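Only one structure is covered here, and it is reproduced in the block below.
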Amino acid sequence: MANVIIVGTQWGDEGKGKIVDLLTEHADLVVRFQGGNNAGHTLVVDGKQYVFHLIPSGILYESKGCFISNGVVIDPQVLLNEMEELAGHGLPVTPERLLISERAHLIMPYHKLQDAGSEASLAAGRKIGTTGRGIGPCYGDKVLRHGIKLGDLLDRELFREKLGQCLEEKSFLLTKRYGLEAPKLEAIYDEFMGYAERLAPFVGNVSLALDRGRRAGKHILFEGAQGTQLDIDHGTYPFVTSSNTVAGNACTGSGFGPAHIDAVIGILKAYTTRVGEGPFPTELFDATGDQLQRKGGEFGATTGRKRRCGWLDGVIAREAVRLNGITDLAITKLDVLSGQPELQLATSYQADGATLEAMPNNIKTYDNLKPVYEKLAGWSEEIRHAKCLDDLPAKARAYVKRIEEFTETPASIISVGPGREETILLRNPFIS
Ligand code: GDP
Ligand code: IMO
Ligand code: MG
């Protein structure tokens with residue numbers, strides 16, 4: 001039995017969806033434990049592309065149990081759309097296949113308006129560049145203890161009462177502060193009662209179900225969203241998302257005990273990308289950055305925004321290993337680096353005359369921060385066909401080896417293309 005957590009090590013979009021899909025073959029149960037439909041996880045199976053925002057990527061395997069646990073925030077319309085889309089692909093999502101936690105909080109229409117209003121009201125340079133999906137306001141209400149849970153939806157009276165209370169305050173904020181129109185209680189109530197009817201068969205106690213699975217010897221895969229530098233506590237605050245993205249939250253976010261975790265896989269893109277605003281020390285503003293963006297197809301899977309691109313940042317990679325307890329790295333998109341004559345790896349930063357080996361806490365420090373680079377040789381060969389380490393050019397192997405040395409973590413998976421088969425699997429955490 002093995003229970004494995006998969007997390008992003010950078011600013012999201014590292015290729016988590018692909019690796020989760022790949023490893024799901026060896027898992028029995030797959031859990032999304034945080035974030036919401038700000039996530040966009042892309043899988044390419046038999047040449048067909050799927051993008052998941054809420055449902056665990058494991059849903060493509062018909063025999064696997066999928067879970068959306070308490071740490072996730074749910075926009076019911078998005079969830080239902082995703083289910084319909086899957087049904088359209090001949091993959092009906094039934095209550096036998098998907099269990100959703102009654103404790104997961106609901107993204108309400110006023111959360112999305114609040115997200116938009118808040119972003120619009122921030123001055124240039126202070127905007128977060130959110131996905132506009134209402135994520136921050138929803139988690140905010142959860143912490144303020146006036147959020148509405150999925151389970152509340154199944155109790156009509158409780159839902160109406162909570163909605164009434166929330167709407168009073170939100171209407172004031174939306175109209176007076178943001179100059180927006182407040183949504184009407186009756187309209188939201190009717191809309192959400194429709195969702196209640198459709199979602200009721202899927203709602204239950206995820207923690208209990210996972211515990212039963214664990215006791216029965218099932219292998220559980222926890223699918224993280226976003227990335228370590230977007231973590232609300234450990235990321236480049238305030239330019240972060242509103243949940244804990246680190247591995248520890250796989251437990252809190254699903255009601256699963258940490259002692260039962262066997263491995264943590266950190267997904268590390270062979271270079272770095274970021275969507276939205278905020279510090280990005282190794283960002284490239286030149287032709288190389290454009291090449292990575294084009295060759296890597298670096299457009300947001302959720303918002304379609306162009307992703308900012310830069311060199312691999314070893315400081316961030318080391319930090320991710322520490323913050324998540326990463327046991328194995330999955331290095332993705334190595335193929336995108338083919339053709340670069342020379343590669344750079346940031347090994348520390350210089351800021352205000354000091355050398356930094358960890359991400360600074362004070363956001364202003366980033367204004368004067370310069371990465372210290374180590375140069376590595378590039379390779380010209382295309383590598384998407386590679387099935388084992390020996391199929392890689394020596395310089396690509398040396399790049400991987402240097403990452404392993406620098407992070408003191410083995411690369412157990414190397415991804416050389418978006419397809420399931422375009423992978424070098426060196427160690428399977430579910431087996432060894
Ligand atoms: P996620 O949010 O971490 O799941 O990542 P995204 O799906 O948002 O972005 C990763 C993109 O890279 C997707 O379009 C994937 O299909 C693609 N991808 C994943 N692994 C590889 C790889 O090794 N090589 C290439 N070229 N593309 C990859
Ligand atoms: P996956 O799971 C990349 C970024 C947004 C913004 C910040 C806050 O696909 O890796 P939010 O809407 O969460 O309040 O926005 O976080 N962001 C992501 N960037 N990948 C993601 O998810 C992201 N989810 C949120 O761009 O900068
Ligand atoms: Mg993504």
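Details
- Output for the stretch 224-249, where each listed residue is open to solvent by less than 10 Å² (accessible area, probe 1.4 Å), of a type in the set (Gly, Ala, Ser) and either in contact with an Asp or Glu (Cβ under 9 Å, 6 or more places away or on another chain) or within 16 Å of ligand 3 (Cβ to nearest atom) (or both): Gly224, Ala225, Gly227, Ser243
- Identification of strands (runs of 3 or more DSSP E) wholly contained in the stretch 312-368 with 1 or more residues that are touching a Pro at 6+ places or on another chain (Cβ under 6 Å) and small (Gly, Ala, Ser) yields 342-351.
- Test: residue in the stretch 69-78 that is of a type in the set (Ser, Thr, Tyr) and within 16 Å of ligand 2 (Cβ to nearest atom): yes
- The selection criterion, being at pLDDT 95 or above, of a type in the set (Lys, Arg), out of contact with any Phe, Trp or Tyr (no Cβ under 6 Å at 6 or more places or on another chain) and within 16 Å of ligand 3 (Cβ to nearest atom), does not hold for Arg156.
- Residues (basic (Lys, Arg) and within 19 Å of Ala263 (Cα to Cα)) located in the stretch 206-233: Arg214, Arg215, Lys218
- Any hit, the stretch 361-371, residues being within 25 Å of Val264 (Cα to Cα), open to solvent by less than 30 Å² (accessible area, probe 1.4 Å) and touching a residue at least 12 places away in the same chain (Cβ under 8 Å): no
- Tabulated pairs, the stretch 71-91, first in contact (Cβ under 8 Å) with a residue 24 or more places away in the chain, second among the polar types (S, T, N, Q), C-beta under 7 angstrom, 6+ apart or interchain: Gly71/Gln34; Gly71/Ser243; Gly71/Asn249; Gly71/Thr252; Gly71/Ser254; Val72/Gln34; Asp75/Asn37; Val78/Asn37
- In the stretch 28-81, of all residues being among the polar types (S, T, N, Q) and under 25 Å from Thr423 (Cβ atoms), the one that is surrounded by the most Cβ atoms within 10 Å (Cβ to Cβ) corresponds to Ser57.
- The set of residues in the stretch 320-335 that are in contact (Cβ under 8 Å) with a residue 60 or more places away in the chain and closer than 14 Å to Val264 by Cβ comprises Ala320, Val321, Leu323, Asn324, Gly325, Ile326, Thr327, Asp328, Leu329, Ala330.
- When Gly65, Gly15, Gly8 are checked against the criterion of being touching an Asp or Glu at 6+ places or on another chain (Cβ under 7 Å) and within 16 Å of ligand 1 (Cβ to nearest atom), a single residue qualifies: Gly8.
- Contact map, the stretch 21-39: first residue farther than 19 Å from Ala330 by Cα and charged (D, E, K, R), second residue assigned to a loop (DSSP other than H, G, I, E, B) and open to solvent by 20 Å² or more (accessible area, probe 1.4 Å), Cβ cut-off under 8 Å, separation 6 or more or different chains; pairs are Asp28/Lys64; Asp28/Lys218; Asp28/His219.
- Here Lys333, Lys269 are screened, and the one residue that is within 17 Å of the chain's Cα centre (by Cα), in the same structural domain as Val20 (by TED's automatic domain parsing), over 17 Å from Ala225 (Cα atoms) and of a type outside the set (A, V, I, L, M) is Lys333.
- Residues (out of contact with any Cys (no Cβ under 8 Å at 6 or more places or on another chain) and either free of Cβ contacts under 8 Å to residues at least 60 places away in the same chain or of a type in the set (Phe, Trp, Tyr) (or both)) located in the stretch 251-289: Cys251, Phe256, Ala259, Phe280, Phe285, Asp286, Ala287, Thr288
- The stretch 173-274 holds helices (runs of 4 or more DSSP H) entirely within its bounds, and those carrying 3 or more residues that are of a type in the set (Asp, Glu) and modelled with pLDDT of 95 or more map to 185-199.
- Boolean, Ser69 is in contact with a Phe, Trp or Tyr (Cβ under 9 Å, 6 or more places away or on another chain), modelled with pLDDT of 95 or more, closer than 23 Å to Val240 by Cα and more than 16 Å from ligand 3 (Cβ to nearest atom): yes
The values are calculated or read from the model by the stated rules, or taken from the named source; none is laboratory data. All figures in this text were calculated on a predicted structure; none of them were measured in a lab. No Cβ is skipped: glycine too gets one built from the backbone with ideal geometry, and neighbour counts run over all protein chains shown. Heads up: the accessible areas ignore ligands, DNA and RNA and are worked out on the full protein's heavy atoms, side chains in. Shrake-Rupley method; radii C 1.70, N 1.55, O 1.52, S 1.80 Å.
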